[in-house]
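Here's the structure we're looking at; comments come further down.
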Amino acid sequence: MNEFLTVMVGLILALLALGLVRVLRGPGDADRMMAAQLIGTCGIAALLIIGVIGDISAAIDVALVLALLATFAAAAFAECARRAQQPDTPPETEGP
Amino acid sequence: MTIVPALDLFVAGVVLIVAVWTVVARDSSSAVVGFVAYGLLLALVWVRLGAPDVALTEAAIGSGLTGALLIGAAARLRAGESSTSAEHLGGVGRTLVAALATIVAAAIAVALLSLPDPAPSLAPEAAANAGATGLGNPITNVLMAFRAMDTMLEKFVLVIALVGVWSLAPDGAWGGRPRSYHRADPEGALVFLARVLPPLGVVLGIYVLWVSADHPGGAFQGATILAAMWLVVLMAGLGDVPEVGRQQLRLMLVAGPVVFLIVGLGGLLLGGAFLSYPQDWAKPVILAIEFAMILTVAATLALLVAGPPERSAEP
C-alpha cells in the first residue's frame, strides 16, 4: 500500500513541476498566480499522502492551513489587480 | 526503497529553483508570486523533515500573510518602478556588492562548518523537564515556559512595528482609518469567498491555538489565520477597517503584552522569578496568556497589512 502511495506522491510532484514551468515562464502575473495555486493544491495533496505514509497526523493540520491561506493569497492578489485597473481615488484628507 | 530519497531530492531541487528564480526575477510582482509558491513548497519540506510545527508556521506566515503583505507592497511600488529601475548600479558598484555578498556567505559557511560535533543542544534538558508545565507539546513548552521572555519581547516588537507603520500617516489622517478597499461586486466571487471562508477559518484558527498544548500548533499561527480571515472580509468590502484611534482597538492591541507582563510580575511576587508560573496552575496560566496573545497578534497583523491611516477620523 505504501509503495502505491509513494508512487502517487511522485505523480503529484511531477504535476507540481509542470505548474512550476508556468510560474517561471509566465507570461502574465495572473498566469503565475494561478500556477502558484496549482502548486499549492499539488503540495496539499502530496502533504496529505505523506502524512498517511509516515503516520504524521499534524500533516492534516498543515494541509488545512495551507489550503485556507493559499485561497487568501489568491484573494489578495485579485484585489490588488483590481485596484491597479481602477486607480486610487485620492485619499480624503479634510483638515483636522 | 530508492524512490523515497529520489522524491526528496526532487522536492529539494524544485525549492532551490523557485528560490533562485524569486531572487533574480526582475519584476517585483512575479517575484512575489515566486515567494508564495516557495512558501508552499517549504511547508512540504518541513513536514518531510519531521518538523510539523515549523511547517505550520511557514504555511501560515511565510506563504499566506507575508505573501499578501508583499503583493500589496508590489502593487504600491509598481507606480514608481519605471523610475527606480532606471537607476542601475555601475560596474564598480556591482563588483563591490558581489564581493560583500560572497564574504557574508563565506563567513556563514565557515561558522556552520566549525560547529562542534555534536552541536551544543539544550533539547535533552527541555525534554527531561517537559512534565513541569503539564503541556504535551515540547515546542509550546519551550516557547511559553522555558523561553517565555523571548516570546513576550516578540509581542512587544509586533506592536512597535505597527506603531512604525502608523507613524507614516499624514497629519490630517492621524487616528483615522487605513485606506478603503474598492467596493467589490456584491454578486462576485470575492464577496462569496468572504462569506464562506471566515467561519471555517475562525474555527481553524482557534483549533490551532487549542491543540498547541499537546500537538503542533500555536497562538501565532492561529492568530495569522484569524487575521487573514478578517482581511478577506475587509477586501470584499463587507466591513470597514476600524479607526486606529479607537479605544477598544488600542486595548486589544496591548492585551497580549499586558497579560504577559502581569503574569511575569506576578511570578516575581509569588515564585521569586520573573515569568515563573505557579507549579499546579502552569497550564491554565499559559492558556490565558495565549488567548490574550491571539487577539493581539491577529489585530496587529491585520492592521499591518491594512497599512497606515489615510482617511481622517470622523468628527
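The values are calculated or read from the model by the stated rules, or taken from the named source; none is laboratory data. No experiment lies behind these values; they were computed from the predicted model shown. Cβ: placed from backbone, ideal geometry, glycine included. Neighbour counts: every protein chain shown. Keep in mind that these areas ignore ligands, DNA and RNA; they rest on the heavy atoms of the full protein, side chains included. Shrake-Rupley method; radii C 1.70, N 1.55, O 1.52, S 1.80 Å.
Brief remarks on what is shown
- Residue count, region A:52-68 (criterion: more than 7 Å from every other protein chain (Cβ to nearest Cβ) and open to solvent by less than 10 Å² (accessible area, probe 1.4 Å)): 1
- Among residues of region B:257-315, those that are under 17 Å from B:LEU143 (Cβ atoms), hydroxyl-bearing (Ser, Thr, Tyr) and either within 26 Å of the chain's Cα centre (by Cα) or surrounded by fewer than 16 Cβ atoms within 10 Å (Cβ to Cβ) (or both), counted: 1
- B:PRO216 vs. criteria away from chain A (no Cβ under 12 Å) and either at pLDDT below 80 or part of a helix (DSSP H, G or I) (or both): no
- Figure legend. Inter-residue proximity from region B:270-289: first residues on the phi < 0 side of the Ramachandran plot, second residues of a type in the set (Ser, Thr, Tyr), beta-carbon distance below 6 Å, spacing 6+ or different chains. Indicated pairs: B:ALA282/B:THR133; B:VAL285/B:TYR277.
- The helices (runs of 4 or more DSSP H) located wholly in region B:6-122 that include 1 or more residues which are open to solvent by less than 80 Å² (accessible area, probe 1.4 Å) and facing chain A (nearest Cβ under 9 Å) occupy B:28-48, B:52-57, B:66-85.
- Taken together, the criteria exclude A:ALA30 from residues that are more than 9 Å from chain B (Cβ to nearest Cβ), out of contact with any His (no Cβ under 8 Å at 6 or more places or on another chain), within 30 Å of A:ASN2 (Cβ to Cβ) and among the small types (Gly, Ala, Ser).
- Screening B:GLU243 with (1) among the acidic types (Asp, Glu); (2) surrounded by 14 or more Cβ atoms within 10 Å (Cβ to Cβ); (3) over 18 Å from the mean Cα position of the chain (by Cα); (4) more than 30 Å from B:ALA189 (Cα to Cα) gives one miss only, at (4).
- Check on A:MET8, more than 8 Å from chain B (Cβ to nearest Cβ) and part of a helix (DSSP H, G or I): yes
- Some residue of region B:182-193 being closer than 29 Å to B:GLU290 by Cα, modelled with pLDDT of 80 or more and open to solvent by less than 50 Å² (accessible area, probe 1.4 Å): yes
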